[in-house]
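Each value in this text was obtained by applying a stated rule to the coordinates, not by laboratory testing. Small disclaimer: the values here were computed from a predicted structure and weren't measured. Note that each Cβ is placed from the backbone with ideal geometry, even for glycine, and that neighbours are counted across all protein chains shown.
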Amino acid sequence: MLSRLMDFLTACWRRRGSSSDGKGSEVSGRKEGLLWYKDTGQHLFGEYSMAVVQANNLLEDQSQIESGPLSMLDTGPYGTFVGVYDGHGGPETSRYVCDHLFQHLKRFASEQKSMSMEVIRKAYQATEEGFLSVVTKQWPMNPQIAAVGSCCLVGVICGGILYIANLGDSRAVLGRVVRATGEVLAIQLSSEHNVAIESVRQEMHSLHPDDSKIVVLKHNVWRVKGLIQHDQFLIFASDGLWEHLSNQDAVDIVQNNPHNGIARRLIKAALQEAAKKREMRYSDLKKIDRGVRRHFHDDITVVVVFLDSNLVSRASSVRGPPLSVRGGGVPLPSRTLAPCAAPMET
């Protein structure tokens, strides 16, 4: 169990690089003010859509989709990896997780020559251990690093199985068709760890009776068998979305609108609700700059992954060029620590 992964993850190095579809071409998104989006793309098992809107002075959310080889071996597992990392107190932790977690997963999948809950657990643990070594080095010069953290939501689709791992209050929701009625129901796949929940608060105090301020988040990995033709799509999002939209609201929006640009549409719906709560117009909310915008809503990251039943049913034989895309953010020079400005294409 990882007792402190999200308590202490902070200051990190971000490597320089651009997103690629494996053919040498960029698959970067577009930027409109504080909004970054990639309206549509193709992963191994269908289409995807991504969007990020910034509210904090420094964008604290990070996200990625990796599709293709999930190990370093030619004969290893293939699939799609989705990560949503909702930072708090600063962007450094989420950047570190985005840089390292998937690489650890590939390493352990290579050793095991397959994908499993244990591979994901080890990847989380290795990320924690690696970051704690950074904390140890940085602590004498920068003791504030302990105040920065990140939630960590991961989904892996491999071999017809969906794995979900979550630390924090981001959320993964499945849109599933009900055979009898044809309606699409929202099924929440991730459990949330939030200090506002009484059971988590009690656990926190029992594990650390001498430290009333510590937050304890434990590692859970869900394994969902049988991705069948009635599973339509998955929504991965930071809590900024779920503060304004219910699971079913989000699923209905995805089900009733075109795939192209659906992540951006979900963010717009959330911002419209945020504006309504403040009795203001959506158009006026969009004019508010980062930093001040945080008083109206949080950073919001959304990744929608559609599941093509024909491709999912042939999961063991589906191959394609590797895909690697990161959500909005500013690439930093190698091995530097610097603040992040507004989202931009990568």
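Backbone N atoms of the stretch 153-172 closer than 19 Å to the 7 Å Cα→Cβ label point of residue 317 belong to residues 158-161.
Rounded to whole numbers, the Karplus 3J(HN,Hα) couplings from phi for the stretch 305-322 are 10, 8, 10, 7, 4, 5, 6, 5, 5, 10, 3, 5, 10, 6, 9, x, x, x Hz, using 6.51 cos²θ - 1.76 cosθ + 1.60 with θ = phi - 60°, and x at Gly and Pro.
Ordering 262-268, 48-54 by mean Cβ neighbour count within 10 Å, with the highest value first, yields 48-54, 262-268.
Quote to one decimal, in nm, the extra length available between residue 118 and residue 289 on full extension: 0.36 nm per residue of separation minus the C-alpha distance between them.
Working it through step by step, the gained length comes to 57.3 nm.
Here the Karplus relation 6.51 cos²θ - 1.76 cosθ + 1.60, evaluated at θ = phi - 60°, turns the backbone of the stretch 64-77 into coupling constants of 7, 10, 10, 9, x, x, 9, 9, 9, 9, 4, 9, x, x Hz, with x for every Gly and Pro. Residues in the stretch 182-188 carry Karplus couplings, in order, of x, 6, 9, 9, 8, 10, 6 Hz; the curve used is 6.51 cos²θ - 1.76 cosθ + 1.60 with θ = phi - 60°, and Gly or Pro positions show x.
A cut-off of 5 Å between modelled amide H atoms, ignoring neighbours fewer than 5 places along the same chain, links residue 29 with 346.
Amide H contacts for residue 169 (H built 1.01 Å from N in the peptide plane; partners 5 or more residues away or on another chain; cut-off under 5 Å): 193.
Could you order peptides 132-143, 88-99, 250-261 by the average number of other Cβ atoms within 10 Å of their residues, highest first?
Listed from highest to lowest mean packing, they are 88-99, 250-261, 132-143.
Using R₀ = 30 Å, calculate the FRET efficiency as 1/(1 + (r/R₀)^6) where r is the Cβ-Cβ separation of residue 125 and residue 273; round to 0.05. Rounded to the nearest 0.05, the efficiency is 0.20.
Distance between the C-alpha centres of the stretch 252-302 and the stretch 100-149: 32 Å, rounded to the whole angstrom. Sparse packing (at most 13 other Cβ atoms within 10 Å of the Cβ) combined with a DSSP loop state is found for the following GluC sites (Glu not before Pro) in the stretch 102-197: 183. Using the Cβ-Cβ distance between residue 243 and residue 183 with R0 = 30 Å, the FRET efficiency computed as 1/(1 + (r/R0)^6) comes to roughly 0.75.
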